[in-house]
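To start, the structure under review is shown below, and the notes come after it.
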Amino acid sequence: MVNSSPADKHAGLSRIRILREFFAHKHIRYLNDITPGLLDEFRVEVLADRKPKTVKNYIALLRTALNKAVEWELIDLNPIANVKLPKIIKTFHFYSQNEVEILIKEAFEPLKTGIILLVYTGMRRGELYHLRVRDVDLKAKSIRVWPYEGYSPKGKRPRTIPAATEIVEILQQLIHGKSPDDYMFRPYKCQHQLYKRFREFSQKLGIKGNLHNLRHTFASRLAMSGTPIPVIKDFLGHSDISTTMIYSHLSPNLYQTEIGKLQFKLK
């Protein structure tokens, strides 16, 4: 976790604490006492109602720790080296055109501005929370997602996102009178408050989804409009295009158009 973000480190330390408490409860004193069967007990007793991704994170963390123990010659073999990680089926939810327009129309500031910026840029809430004035180039109509001391974008991939004409005026208002090092949009004490406010607001409207679904909406609408997957990948800052491929099924008409370019004479 040396190069992890503060949030990732906090999550990792929390998982370590829960694992230690479980092992103590089971009277496990030595690393050699950890077995695949014990890991199955942990999954049943502690992670029974948790999502596959959460289970995967715990197993991966423990496996990494035990691999390090082998490297340091504390144990001879990793006892869970052959334990398979749960398969993660990637699903996502995105808002319809009508839902986005309702969310924007009904929201009060500063939540309204947050919704507009996220659905028009595809940024994660942490990226928006750490965005500085210097990262906004109104002349070039672009937004730079950049790492700063104590913060790094997920995947540690700096990127530039084009700023749609619809949000240029909003960006101009947000940076007006601020210095380059000032944060552009921090109306809440922490980024989680933006998530919480949106959840309460969308539930009140009866609209299913959460704040992160605005990012999915950004990518989905682009895919349905014919934007190539590699371009969407760069906008989102994905390190692996396979992550972005979850949106590829949304542009079947585009693929049909592309395959139609094959014009061989068959007779």
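If one takes the longest principal axis of the Cα atoms in the chain, at what angle in degrees, from 0 to 90 and to the nearest 10, does the Cα axis of helix 97-106 lie?
80
Report, in degrees rounded to the nearest 10, the 0 to 90 angle that the Cα long axis of helix 36-45 makes with the longest principal axis of the chain.
The angle comes out near 60 degrees.
For Val168 and Asp8 in the same chain, what is the full-extension length gain: residue separation times 0.36 nm, less their Cα-Cα distance, in nm? Don't skip to the answer; put the middle values down first.
Numbers: separation 160, 0.36 × 160 = 57.60 nm, distance 3.23 nm.
Using 0.36 nm per residue and subtracting the Cα-Cα distance, I get 54.4 nm.
Specify which residue in the list Thr243, Phe218, Phe198 is farthest towards the positive end of the charge dipole of the range 140-267, using unit charges on the beta carbon of Lys, Arg (+1) and Asp, Glu (-1), about the Cα centre.
Among Thr243, Phe218, Phe198, the one farthest towards the positive end of the dipole of the range 140-267 is Thr243.
Any chance you could tell me what percent of the C-alpha pair distances in the range 36-102 go past 18 Å? It would help to have the intermediate numbers written out before the result.
Values: 1150 of 2211 pairs.
Taking all Cα-Cα pairs of the range 36-102, the fraction more than 18 Å apart is 52 percent.
Lys and Arg at +1, Asp and Glu at -1: add these up for the other residues within a Cβ distance under 12 Å of Ser202 and post the number. Before the final figure, lay out the partial values.
Values: positive: Lys196, Arg197, Arg199, Lys204, Lys208; negative: Glu99, Glu106, Glu200.
Net of charged neighbours comes to +2.
Which value at 222 nm does the chain reach when only helices count, each DSSP H run of 4 or more adding -39,500 (n - 2.57), with the total divided by all residues and rounded to the nearest 500 deg cm²/dmol?
Taken over the chain, the calculation gives -15500 deg cm²/dmol.
I need the trypsin sites (Lys or Arg not before Pro) found in the range 29-136, filtered to DSSP loop residues with at most 13 other beta carbons within 10 Å of theirs. Show your work: numbers first, answer last.
Values: sites: Arg29, Arg43, Arg50, Lys53, Lys56, Arg63, Lys68, Lys84, Lys87, Lys90, Lys105, Lys112, Arg124, Arg125, Arg132, Arg134; in loops: Arg29, Arg50, Lys84, Lys87, Lys90, Arg124.
Sparse-neighbourhood loop trypsin sites (Lys or Arg not before Pro): Arg29, Arg50, Lys84, Lys87, Lys90.
Have a look at Glu71, Glu99, Glu166 and tell me which one the Gaussian network model of the chain (Cα, springs below 10 Å) gives the largest fluctuation.
Glu71
How big is the C-alpha Rg of the range 1-136 next to the rule-of-thumb value 2.2 N^0.38 Å, as a ratio?
Normalised Rg, Cα atoms only: 1.47.
Looking at the range 79-185, what % of the alpha carbon pairs are farther apart than 19 Å?
The share of Cα pairs beyond 19 Å in the range 79-185 comes to 53 percent.
Give me the Å³ per residue figure for the convex hull around the C-alpha atoms of the range 154-267.
For the range 154-267, the hull spanned by Cα atoms encloses 173 Å³ per residue.
Looking only at chymotrypsin sites (Phe, Trp or Tyr not before Pro) in DSSP loops with at most 14 other Cβ atoms within 10 Å, what is the longest site-free stretch of the chain? Numbers along the way, then the final one.
Details: sites that count: Tyr30, Trp72, Phe92, Phe108, Phe264.
With a cap of 14 other Cβ atoms within 10 Å, the longest stretch comes to 109-263.
So what J values fall out for the range 174-182 if you push phi through Karplus, 6.51 cos²θ - 1.76 cosθ + 1.60 with θ = phi - 60°, rounded to Hz, Gly and Pro as x?
5, 8, 4, x, 9, 7, x, 8, 6
Specify the residue with the greatest mean-square fluctuation among Val100, Val83, Val133, computed from a Gaussian network of the chain linking alpha-carbon atoms under 10 Å apart.
Val83
Restricting things to alpha carbons, find the Rg to Rh ratio for the chain using the Kirkwood radius for Rh.
1.05
Report, to the nearest whole %, how much of the accessible area of the chain belongs to carbon and sulfur atoms, 1.4 Å probe, protein only.
54
Loop-only check: which trypsin sites (Lys or Arg not before Pro) in the range 141-241 are DSSP coil with at most 16 other Cβ within 10 angstrom?
Lys141, Lys178, Lys189, Lys208
The values are calculated or read from the model by the stated rules, or taken from the named source; none is laboratory data. Everything quoted here is computed from the prediction, not taken from an experiment. Neighbour counts are summed over all protein chains in view; Cβ atoms, including those assigned to glycine, are modelled from backbone coordinates with ideal geometry. The area values use the complete protein model at the heavy-atom level, side chains included, leaving out ligands, DNA and RNA. Shrake-Rupley method; radii C 1.70, N 1.55, O 1.52, S 1.80 Å.
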